[in-house]
């Protein structure tokens, strides 16, 4: 079984990579989507976040993601507190999904792949990179952010080198979808023919 960890700065195209792999039959798990689902369903998580960040991030008994984002992306300490609360719950859910699909090749997209320690559970890891202007435009459109808010969010993240120096593979995304697809599928085919990082074989 291959378990590929996909990571990189916001706006580099990590979700697109996961979707490309999913189109070939790979089980794709997006850590952000898992987190968002937990916010919608997990009363205990919402209660814990309210205690830490206050009623101003809540709406109708649930965390307002935009309100929370405005707090944590302007305060590194607040972002660290959020990560310390959320990472464990998200990883537990990801492990549950993987356990429900034994033996299936999978790809997990997570911006905190290395910080959370989940990279150690992956057989392979890949980091995505992209030019700043492309990343900025992507997250402004995707998250409906102003340029100022988008720049603040990107500034709160780690440098590209944090990911590229730790990942086994690096893919540069220049905003050419066909070129990205070619790179991703070539990497996947290469991985399937190589021994896994943990000593397993295809």
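Throughout, read-outs are computed from the coordinates displayed, never taken from laboratory work. Values in this document were obtained by computation on a predicted structure and should not be read as measured data. For neighbour counting, all protein chains shown are included, and Cβ atoms are generated from backbone atoms with ideal geometry for every residue, glycine included.
Before moving on, here are some points about what is shown:
Here is a yes/no grid of residues against (1) in contact with a strand residue (DSSP E or B) (Cβ under 9 Å, 6 or more places away or on another chain); (2) part of a loop (DSSP other than H, G, I, E, B); (3) closer than 23 Å to residue 82 by Cβ:
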{"position": "108", "(1), (2), (3)": "yes, no, yes"}
{"position": "111", "(1), (2), (3)": "yes, yes, yes"}
{"position": "127", "(1), (2), (3)": "yes, no, yes"}
{"position": "150", "(1), (2), (3)": "no, no, yes"}
{"position": "180", "(1), (2), (3)": "yes, no, no"}
{"position": "187", "(1), (2), (3)": "yes, no, no"}
{"position": "190", "(1), (2), (3)": "yes, no, no"}
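- Inter-residue pairs, beta-carbon under 7 Å, first free of Cβ contacts under 8 Å to residues at least 40 places away in the same chain and in segment 98-123, second assigned to a loop (DSSP other than H, G, I, E, B) and surrounded by fewer than 19 Cβ atoms within 10 Å (Cβ to Cβ), 6+ apart: none
- Residue within segment 76-96 that is surrounded by 14 or more Cβ atoms within 10 Å (Cβ to Cβ) and assigned to a loop (DSSP other than H, G, I, E, B) present: no
- Subset of segment 53-84 (residues that are in contact with a helix residue (DSSP H, G or I) (Cβ under 6 Å, 6 or more places away or on another chain) and farther than 25 Å from residue 148 by Cβ): 62
- Among the residues making up segment 152-178, those that are within 18 Å of the chain's Cα centre (by Cα), assigned to a helix (DSSP H, G or I) and without any contact (Cβ under 8 Å) to a residue 24 or more places away in the chain are 155, 161.
- Set 55, 99: member being over 30 Å from residue 193 (Cβ atoms) and exposed (fewer than 12 other Cβ atoms within 10 Å of the Cβ): 55
- Answer residue from segment 113-125, given it is assigned to a loop (DSSP other than H, G, I, E, B) and surrounded by fewer than 23 Cβ atoms within 10 Å (Cβ to Cβ) and is farthest from the chain's Cα centre (by Cα) among those: 123
- Residues located in segment 1-35, provided they are within 12 Å of the chain's Cα centre (by Cα) and more than 12 Å from residue 109 (Cβ to Cβ): 9, 11
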